[in-house]
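> Please find one structure pasted underneath; my questions will follow.
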Amino acid sequence: MRDVAVIGIGLTKFGELWEKSFRDLITEAGIKAIEDAGISGREIDGIYVGSMSAGRFVGQEHVGALVADSAGLTGVPSTRVESACASGGLAFRQAYLAVASGIHDMVVVGGVEKMTDVVSTEATNTLATAADQEWESFFGATFPALYALIATRHMYEYGTTREQLAQVAVKNHANGALNPNAHFRRKISVDDVLNSSPVAYPLRLLDCSPVSDGAAAVILCPLKDAKKYTDKIVKIIGSGQASDTLALHSRDDICTFKSTVLASKMAYKQAKIKPKDIDVAEVHDCFTIAEILATEDLGFFKKGEGSKAVEEGLTEINGTIPINTSGGLKAKGHPVGATGVAQIAEIVMQLRGEADRRQVKDAEIGLTHNIGGSGASCAVHILEVV
Ligand code: COA
């Protein structure tokens, strides 16, 4: 296997983007990534794109071909990857494996979703297709409802409080306020979260990631070639992927996502590092409880101690392990197919020292964690500036 580097990143703004089409978004992100890498589009010999449900959100399937066409890259092999909200993370892993194996030499990985063209109920139902249709969605269990069950159990098992959940949203909105591409750029308080509309007990509106439009893209090439394009080389040092049962009721413990534990073990092993070596991480905070679960399952904190860590400020930009400096899914936004690729872009910015007011001091190793549904799929990547 060859070593692989990320040499370019591109992001659109995330949010409710009425003026931009699905095609506009992914093309804009791809062009920005190509410009950032300083390559010519003609050098690209492979395309991977993460998109969860373009068919239901905008009536467009066959996304791989669409992206090649829009980018003026017809002829280049272009593959769509779908794994619900982890579609972007899994597309990145497929691209990494393709370059590492020697199949491709210059790959663009995109992630895109345009979710706000449909009404809220349709967006909720479309997202719920990633849960177990027969045993969960059919009975009305949407994702807010499933994560509400997890939050309730975590509160019961570990004494996690409503205020601690709110503090995740407060931190991520504060980070999002520093991110020009974020869906929400306003700071909020614990009281704002506690007084926002109830969604599914104990989760309220401000515990939820929003329904967003947006796209992200990154460029990968063999490490040995990266020096030609940049002197701030970011190497992929670990890549892990795992799966779990689709439905929550089939699991021994709903306070742990086994897919996160397994995917991160795989990535840490390949990178030959421990969780304490990570300087900055983007984790999948689709709901406030999800960030707490992630920081525990990734090994940053012991099980049950993730909520206390947020309360103590350990996960803030200047904390011991800064989490979701971009604003996370909560404030940066969650255009589902784009999320996993946008996480990579944020970590690359951090490792290159280009994250402006949200820069983590001396960040050298960063991690991304992208979840599908309520943890049935997961991708974890570890990047290092070399
Ligand atoms: N966080 C903060 N503000 C939000 C928000 C969120 N998650 N979602 C909506 N808002 C704001 C909107 O900007 C709008 O503000 P405005 O009145 O100032 O314009 C207001 O709340 C109402 O927006 P609306 O779109 O009508 O909200 P909604 O009630 O239809 O949807 C949720 C709210 C929480 C149900 C929706 O955001 C949601 O389903 N989130 C979860 C998405 C999800 O499950 N993703 C997959 C995870 S696995």
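The values are calculated or read from the model by the stated rules, or taken from the named source; none is laboratory data. If you're wondering where the values come from, they're calculated on a predicted model, not measured in any experiment. Cβ sites come from the backbone with ideal geometry, for glycine too, and all protein chains shown count toward neighbours. Calculation scope for accessible area: heavy atoms of the full protein, side chains included, ligands and nucleic acids excluded. Shrake-Rupley method; radii C 1.70, N 1.55, O 1.52, S 1.80 Å.
> When the helix-only estimate is applied to the chain (DSSP H runs of n ≥ 4, each -39,500 (n - 2.57), divided by the residue count), what is the mean residue ellipticity at 222 nm, nearest 500 deg cm²/dmol? Each step should come with its number before you reach the end.
On the way: 14 runs with 145 residues, N = 386.
For the chain, the value works out to -11000 deg cm²/dmol.
> Let me ask another. With every protein chain kept in the model, how would you rank D36, D297 by accessible area, 1.4 Å probe, largest at the top?
Reading off the accessible areas and sorting them downward yields D36, D297.
> Given a 1.4 Å probe, how much area per residue of the chain is accessible, in Å²?
Details: 14620 Å² over 386 residues.
Spelled out: the 1.4 Å probe surface of the chain, per residue, equals 38 Å².
> Which three extents, in whole angstrom, do the alpha-carbon atoms of the stretch 20-128 cover along their principal axes, largest first?
43, 26, 23
> Provide, as a two-decimal number, the C-alpha radius of gyration of the stretch 67-205 over 2.2 N^0.38 Å, N being how many residues it has.
Values: Rg = 19.5 Å, N = 139, 2.2 N^0.38 = 14.3 Å.
Its radius of gyration relative to the 2.2 N^0.38 Å reference: 1.36.
> Computed on alpha carbon atoms, what radius of gyration and Dmax characterise the stretch 255-386, expressed in Å?
Reported Rg and Dmax, both Å: 13.2, 36.
> How do H154, H249 stack up against each other in accessible area, from largest to smallest, with a 1.4 angstrom probe?
On the way: H154 0, H249 120 Å².
Putting H154, H249 in descending order of accessible area: H249, H154.
> Going by alpha carbons, how many degrees (0 to 90, nearest 10) lie between the helix axis of 87-101 and the longest principal axis of the chain?
40 degrees
> Another question about this same structure. Provide the solvent-accessible area of E19, counting protein heavy atoms only and rolling a 1.4 Å probe, rounded to the nearest 10 Å².
Number for this one is 130 Å².
> Using only Cα atoms, locate the centre of the stretch 322-386 and the centre of the stretch 188-203, then give the distance between them in Å, rounded to an integer.
Cα centroid to Cα centroid, the span is 25 Å.
> What percentages make up the Cα-Cα pair-distance distribution of the chain when the bins are 10 Å wide from 0?
Result, from short to long distances: 6, 27, 37, 24, 7, 0 percent.
> Just to verify a number: FRET efficiency for L205 and F138, C-beta to C-beta distance, R0 = 30 Å, to 0.05? Provide the component values of the computation, followed by the final result.
Details: r = 25 Å, r/R0 = 0.85.
In this case the efficiency is close to 0.75.
> Evaluate the Debye formula for the stretch 267-309 with equal point scatterers sitting on the alpha carbons, no solvent, and hand back log10 of I(q)/I(0) at q = 0.17, 0.30, 0.33 Å⁻¹, in q order, two decimals.
-0.47, -1.10, -1.19
> Provide the packing ranking of 110-118, 216-224, 74-82, i.e. peptides ordered by the mean count of other C-beta atoms within 10 Å per residue, highest first. Write out the running numbers ahead of the final one.
Numbers: 110-118: 26.8, 216-224: 24.9, 74-82: 17.3.
Result, highest mean Cβ count within 10 Å first: 110-118, 216-224, 74-82.
> Per the Kirkwood definition applied to all pairs of different Cα atoms, how many angstroms is the hydrodynamic radius of the stretch 182-301?
Values: mean 1/r = 0.0568 Å⁻¹.
It works out to 17.6 Å.
> Can you give the accessible area of M266, probe radius 1.4 Å, in Å² rounded to 10?
80 Å²
> Using the eigenvalues of the Cα gyration tensor, what equivalent ellipsoid semi-axes result for the stretch 305-367 when each is taken as the square root of five times the eigenvalue, whole Å, largest first?
Taking √(5λ) for each Cα gyration eigenvalue gives 19, 16, 9 Å.
> Let me ask something else about it. Would you tell me the accessible area of K274, worked out with a 1.4 angstrom probe on the heavy atoms of the protein chains, in Å² to the nearest 10?
Roll a 1.4 Å probe over it and K274 shows about 130 Å².
> Here's another thing I want to ask about it. Going by accessible area, probe 1.4 Å, with all protein chains left in place, what is the ranking of T339, T121, largest first?
Numbers: T339 0, T121 95 Å².
Descending accessible area places them as T121, T339.
> Over 25 Å between Cα atoms: which of K32/K274; K276/K303; K235/K361; K227/K330 fall into that group? Please list the in-between numbers first.
On the way: K32/K274 33 Å; K276/K303 15 Å; K235/K361 19 Å; K227/K330 35 Å.
Pairs exceeding 25 Å: K32/K274; K227/K330.
> Return the ratio Rg/(2.2 N^0.38 Å) for the stretch 2-48, where Rg is computed over Cα atoms only. Mind dumping the intermediate values first?
On the way: Rg = 12.5 Å, N = 47, 2.2 N^0.38 = 9.5 Å.
Normalised Rg, Cα atoms only: 1.32.
> Ok, one more. What is the extension gain from T121 to E61, computed as 0.36 nm multiplied by their sequence separation minus the C-alpha to C-alpha distance, in nm to one decimal? The partial results should precede the final answer.
Values: separation 60, 0.36 × 60 = 21.60 nm, distance 2.09 nm.
Residue separation times 0.36 nm, minus the Cα-Cα distance, leaves 19.5 nm.
> While we're looking at this one, here's another question. Below 8 Å, C-alpha to C-alpha, sequence gap of six or more: please give me the relative contact order for the chain in percent. Working shown, then result.
Working: 995 pairs, mean separation 100.0, N = 386.
Normalised by residue count, the contact order of the chain is 26 percent.
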